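The values are calculated or read from the model by the stated rules, or taken from the named source; none is laboratory data. Small disclaimer: the values here were computed from a predicted structure and weren't measured. Cβ placement follows ideal geometry from the backbone for every residue including glycine, while neighbour counts extend to all protein chains displayed. Please note that ligands, DNA and RNA were not included when accessible areas were found on the heavy atoms of the full protein model with its side chains. Shrake-Rupley method; radii C 1.70, N 1.55, O 1.52, S 1.80 Å.
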Amino acid sequence: MGDGLTAALYVIVAVIHIWVLMSGTYRHFNHILQLNSYYNSRYGGYLKKNVRDAVDVKAIIALLAYLFLLLDIGAFPAVSAYALIYLLLDMAKPKKEEKKPLVVTDRVKRLMTTECVLALVIMAAGFFVPRIYIPLLLFAAAILAPVIVMLANVINAPVEKGINKKFYNSAKEKLEMMPNLKIIGITGSYGKTSVKNFVTELLSEKYNTLMTPASYNTTMGVVRTINENLSPLHDVFVVEMGARNKGDIKEICDLVKPQCAIVTSIGPQHLETFKTIETIIDTKFELVDAVGEGYKFLNYDNEYIRARGGGNNTISYGTDETCDFYAKDIKVTTSGSEFTLVTKSGEAKMKTKLLGEHNVVNLVGAAAVAVNFGMTLDEIAIAMRRIESVEHRLQLKKTADCTIIDDAYNSNPSGAKSALETLSRFEGCRIVITPGMVELGEREVEENEKMGAIAAKCSDVAIFVGQKQAPALIRGAAKVEGEKARIIAARDIYEAFAKMREIEAENKVVLLENDLPDNYL
């Protein structure tokens, strides 16, 4: 490269350049990897769908500027010119606000350490190549960032596996020391988090009950809950079980060994990874298979679940009179819901603050479990009045200038339809803000068009967010004949809120239907 001084200056510039990359480009791709649960397959799928995002335009511009200005000015000026141009472009680029920011966990720190080492290896080649090629090394460290993040994830995999195994074994030993603990497994394409909360609320009237918090529905999420929160004082452990691939639920069941199962729904959720609805059915029923002769609470309003059945000790629930537990005389208003819960041994009036008919079905399922655990209908009715909305799931909020129906956590065809119908019951200017639905595979466009049509019928203003699902939503809304909602397109959620605030109306009711993380917009 040259003399010692030039080499030292190169090291300084290289280190500064890596720092800029780590705080910007690499941080961004680590965020995308985290949003995809650290699965390289999903991360790679994102890169294929978002090629423009995968290319560091700043690096290309900086390299072109360097080549344009290429003179025999010495190694250090050449390198620093490229690095300076890249830094200025990085500083000038508008910083996009993240809705779900990167969580800098120990795993992320280990990833970034490995990425730094890989970037330094690339930079080290600068000591062995002619000075004219040195900026190409800085360019490579930037342009290869998506691949280096993926490679670092592969390199770190054995370490992460070892760490996870240690925590897994600790959770397993803890469970083995609690043979009297009653464990309830809950799964479904949608509704499982709500039912988990409802079951826990009801059973807590009589038992010391623990549930997996938030969306801790993976094996390691369950492991963390056991290690950090489960104690010998708990009588019941309610475990939410999520899945994106066949075998995911079986893996959780192998750890916790549930004695009873609840399957809330089956639908075209995560079709991109499951590929077929048959695979989804098989995966959800891994929980039923694991329970064996234990009790299985199945939502028979769902055609896929009813058709599959659960064998011995199956308890069905829903709104159909053929179910073991069902709701009749359902009244859904803007302030809550009322219904009569019918069981084999009697019936009782139920009242809840929860919105939406689908929540009535979820409550019936929770009540069926509570009865099986020895609670009376009167005890259930009292507890049901106290149940609050699950956060971001048809949660009613009041602000100074509008009413918010927060259904932002997730969206699926059935839930979106129910949420929009709930919005239609409100008086005032009804506004829906949604980016549509994802992970529906080949049915994604079709389902978003259907959702757009329902939104046009159930609202006065429909604000469709983003560039990916919005075209299908708009097409669906356009097919509606007669009186329909005013359609507005917004680049992102922030512009959507700005446009909502511009709408002049005394009584605005705003449904937030789905709030996709940054890797979907």
| message | Using only DSSP helix segments of four residues or longer, with each worth -39500 (n - 2.57), what per-residue ellipticity at 222 nm results for the chain after dividing by its residue count and rounding to 500? | response | -16000 deg cm²/dmol
| Using the alpha carbon gyration tensor of segment 124-258, what are the three equivalent-ellipsoid semi-axes (square root of 5 times each eigenvalue), largest first, in whole Å? | 45, 17, 12
| request: State the extension gain, in nm to one decimal, for the chain segment bounded by Val154 and Asn169, taking 0.36 nm per residue of separation less the distance between their alpha-carbons. | output: 3.1 nm
| said: Calculate the FRET efficiency for Lys206 and Arg501 from the Cβ-Cβ distance with a Förster distance of 56 Å, rounded to the nearest 0.05. | reply: 0.75
| note | To the nearest 10 degrees, the tilt of helix 219-229 (Cα long axis) against the first principal axis of the alpha carbons of the chain is 70
| said: Going 7 Å from the Cα of Asp106 along its beta-carbon direction, which residues of segment 199-229 have the amide nitrogen within less than 17 Å of the resulting point? | reply: 220-229
| request: Take the solvent-accessible surface of the protein heavy atoms, probe 1.4 Å, and return the percent of it on the chain that carbon and sulfur atoms account for. | output: 57
| query | Hey, if we sort Ser231, Ser204 by accessible area with the 1.4 Å probe, largest down, what's the order? | reply | Ser204, Ser231
| Does segment 246-368 come out rounded, prolate or oblate by the C-alpha gyration tensor, with a ≥ b ≥ c the root eigenvalues, rounded set by a/c under 1.5 and, if not, prolate when a/b is larger than b/c and oblate if not? | prolate
| task | Quickly work out the Asn313-to-Ser23 label distance, labels modelled 7 Å from Cα along the C-beta direction, and quote it in nm with one decimal. | result | 5.9
| query | How do Tyr133, Tyr10, Tyr190, Tyr216 stack up against each other in accessible area, from largest to smallest, with a 1.4 angstrom probe? | reply | Tyr133, Tyr216, Tyr190, Tyr10
| task | Please give the contour-minus-distance gain from Lys246 to Arg443: 0.36 nm per residue of separation, less the Cα-Cα distance, rounded to one decimal in nm. | result | 69.0 nm
| Cα-based Rg of segment 113-177 normalised by 2.2 N^0.38 Å, two decimals | 1.76
| said: Counting only other residues whose beta carbon sits under 9 Å from that of Thr25, what net charge do I get with K and R as +1, D and E as -1? | reply: 0
| Computed FRET value (nearest 0.05) for Ile61 with Ile330, which takes r as the C-beta separation and R₀ as 56 Å | 0.40
| said: Only bridges whose two residues both fall in the chain count here: according to DSSP, what percent of them are antiparallel, nearest 5? | reply: 30
| remark: Here the gain from full extension of Met177 to Thr340, 0.36 nm per residue of separation minus their alpha-carbon distance, amounts to 54.6 nm
| field | Solution diffusion estimate, µm²/s, Stokes-Einstein, the chain, Kirkwood Rh from C-alpha pairs, 37 °C, viscosity 0.692 mPa s | value | 128
| said: Per residue, how much accessible surface does the chain expose to a 1.4 Å probe? Answer in Å², no decimals. | reply: 47
| All other residues with a Cβ under 15 Å from the Cβ of Lys328 taken together, and with Lys, Arg as +1 and Asp, Glu as -1, what is their net charge? | -4
| For the chain, with the dipole built from +1 on Lys and Arg beta-carbon atoms and -1 on Asp and Glu ones, taken about the Cα centre, which of Leu87, Thr25, Val465 lies farthest toward the positive end? | Leu87
| Tail fraction, Cα-Cα pairs, segment 80-193, threshold 22 Å, whole percent | 61
| Intensity falloff of segment 171-218 expressed as log10 I(q)/I(0), Debye formula with alpha-carbon point scatterers, at q = 0.20, 0.29, 0.30 Å⁻¹ | -0.79, -1.18, -1.20
| query | According to the Cα gyration tensor, what semi-axes, each the square root of 5 times an eigenvalue, does the equivalent ellipsoid of segment 462-521 have, listed from largest to smallest in whole Å? | reply | 19, 17, 9
| remark: Taking segment 348-429, the whole-percent share of alpha-carbon pairs separated by over 23 angstrom is 30
